[in-house]
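Below: one structure, written as structure tokens.
Nothing in this text is a laboratory measurement; each read-out follows from the coordinates by a stated rule. Fair warning: this is a prediction, and the values are worked out from it, not measured in the lab. Reconstructed Cβ throughout: ideal geometry from the backbone, glycine too, with neighbour counts over all protein chains shown.
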Amino acid sequence: MTTATTESFELSESDFRKISKLVYEHCGINLHDGKKELVRARLAKRIRQGGFPAFSDYMRHVMQDQTGREFSILIDSLSTNFTSFFRERQHFDYLSDVFLPPLLEKKQSRRDFRLRVWSAGCSSGEEPYSLAITLLESIEAKGKWDLKILATDISTRMLKTAKEGLYPAERVAPVSKYLANKYLIKNNTQEGKLYQANDRLKNVIIFRYLNLMEPWPVQGPVDCIFCRNVMIYFDKPTQERLVNKYWEVLSPGGLLFTGHSESLTGITHKFKYVQPTIYSKP
């Protein structure tokens, strides 16, 4: 018996349409025609591992799996991306230099020491840990604050990595030596240096599974939302619904950060444009 290679699996137009429809209806991800090769490449490995003869057999298995585990694996395969600490650093600089100083002063004057941030689409965790470092540095020596970061993602595999908080050196390279010594624990292994988020970071982050198309665990108000490189997967109507739900949970004056290839152009919303990829709720 000949073992099929990843390259030998053919994704028919019919199977691609079925996968696209299923994924869109479940979580709003829009797999347009330009994504067909990505779908084939990412799912072929799983098909080979499971010993399925073809995409049609695999999709039949996905639909018949009452536990939902295989569908979760399918979504994981199609929605994961590489990231790193302080990716798109200008966002973190804007937080620490422009947004947080007046916000913290205003909250202190009201005796309101509650600070809430949401990382929506946190992937493998580098974004919420970068947020935790930025926020902890900003509130240091400013009294005791009730700080929490909600970090959510649709990929259970990525959330497992995020909760562990263990990363190779290249992922943490953007972190300064000073901050790395303060917030990361260095481990020397046979595979090389690994860095683990310490308890100061982990204690302020709550990791949760969330399909953004389903009811949210967060009711607000939150001070800012990072939803970066997530909306690129959605069509315009889905983006519009999502952005307006973000508006509802943000505090007045709160910020929405999007990815560098995303904008709110072409959708109806009430946000005020601040600068590219940063929007404010007046």
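Quick notes on this structure:
- Using a Gaussian network model of the chain in which every pair of alpha carbons under 10 angstrom is joined by a spring, one finds that among A151, A180, A120 the greatest mean-square fluctuation is at A180.
- Largest GNM mean-square fluctuation across F85, F71, F113, computed for the chain with C-alpha springs under 10 Å, falls on F113.
- Relative contact order for the chain, counting Cα pairs under 8 Å that sit 6 or more residues apart, in percent: 17 percent
- Magnitude of the charge dipole, the chain, Cβ model with Lys/Arg +1 and Asp/Glu -1, debye to 20: 720 debye
- 13 Å cut-off, amide nitrogen to a point 7 angstrom out along N187 Cα→Cβ, residues in region 148-164: 161-164
- Sites Q196 and K245, calculated FRET efficiency, Cβ-Cβ separation with R0 25 Å, nearest 0.05: 0.15
- Taking the C-alpha atoms only, the angle from helix 13-27 to the longest principal axis of the chain is near 30 degrees.
- Evaluating 6.51 cos²θ - 1.76 cosθ + 1.60 at θ = phi - 60° for every residue in region 163-180, the Karplus couplings come out as 5, 5, x, 10, 9, x, 4, 5, 6, 9, 3, x, 7, 4, 4, 4, 6, 4 Hz, glycine and proline recorded as x.
- Per-pair calculated FRET efficiency, R0 = 35 Å: Q219 and Q64 via Cβ, rounded to 0.05: 0.45
- Taking a ≥ b ≥ c as the square roots of the Cα gyration tensor eigenvalues, region 119-258 comes out oblate, since a/c reaches at least 1.5 and a/b does not exceed b/c.
- Cα pair distances of the chain binned at 5 Å [whole percent]: 1, 5, 11, 15, 16, 15, 13, 10, 7, 4, 2, 1, 0, 0, 0
- Local electrostatic count, I267, Cβ distance below 12 Å [Lys/Arg +1, Asp/Glu -1]: 0
- Charge dipole of region 141-282 (Cα centre as origin; +1 on each Lys and Arg Cβ, -1 on each Asp and Glu Cβ, all else neutral): 460 debye, rounded to the nearest 20.
- Label reach from E140 (point 7 Å along Cα→C-beta): in region 158-202, amide nitrogens under 12 Å belong to 176-184.
- The phi torsions of region 84-101, fed into the Karplus equation with coefficients 6.51, -1.76 and 1.60 and a -60° offset, translate into couplings of 7, 5, 6, 5, 6, 4, 4, 5, 6, 5, 5, 4, 6, 9, 10, 7, 6, x Hz, rounded to whole numbers, with Gly and Pro shown as x.
- Least to most buried among F16, F207 (fewest other Cβ within 10 Å first): F16, F207
- Computed over region 64-202, the ratio Rg/Rh where both radii use C-alpha atoms and Rh is Kirkwood: 1.03
- Tilt relative to the chain, helix 236-249 - C-alpha long axis, 0 to 90 degrees, to 10: 30 degrees
- Peptides 253-265, 58-70 ordered by average Cβ neighbours within 10 Å, highest first: 253-265, 58-70
- For the chain, adding -39500 (n - 2.57) for each run of n ≥ 4 DSSP H residues and dividing by the number of residues yields -12500 deg cm²/dmol at 222 nm.
- Net charge of Cβ neighbours under 11 Å - reference G28; Lys, Arg +1; Asp, Glu -1: -2
- Backbone amide hydrogens, once placed in the peptide plane, bring E88 within less than 5 Å of nothing, excluding anything fewer than 5 places away on its chain.
- Cα centre as origin, Lys/Arg/Asp/Glu Cβ charges: region 91-195 dipole, Debye: 420 debye
- Links that overshoot a 28 Å alpha carbon limit, given the list K160/K236; K142/K281; K236/K272; K21/K202: K160/K236; K21/K202
- Environment charge of F92, counting only residues whose C-beta is closer than 11 Å and scoring Lys/Arg +1, Asp/Glu -1: -3
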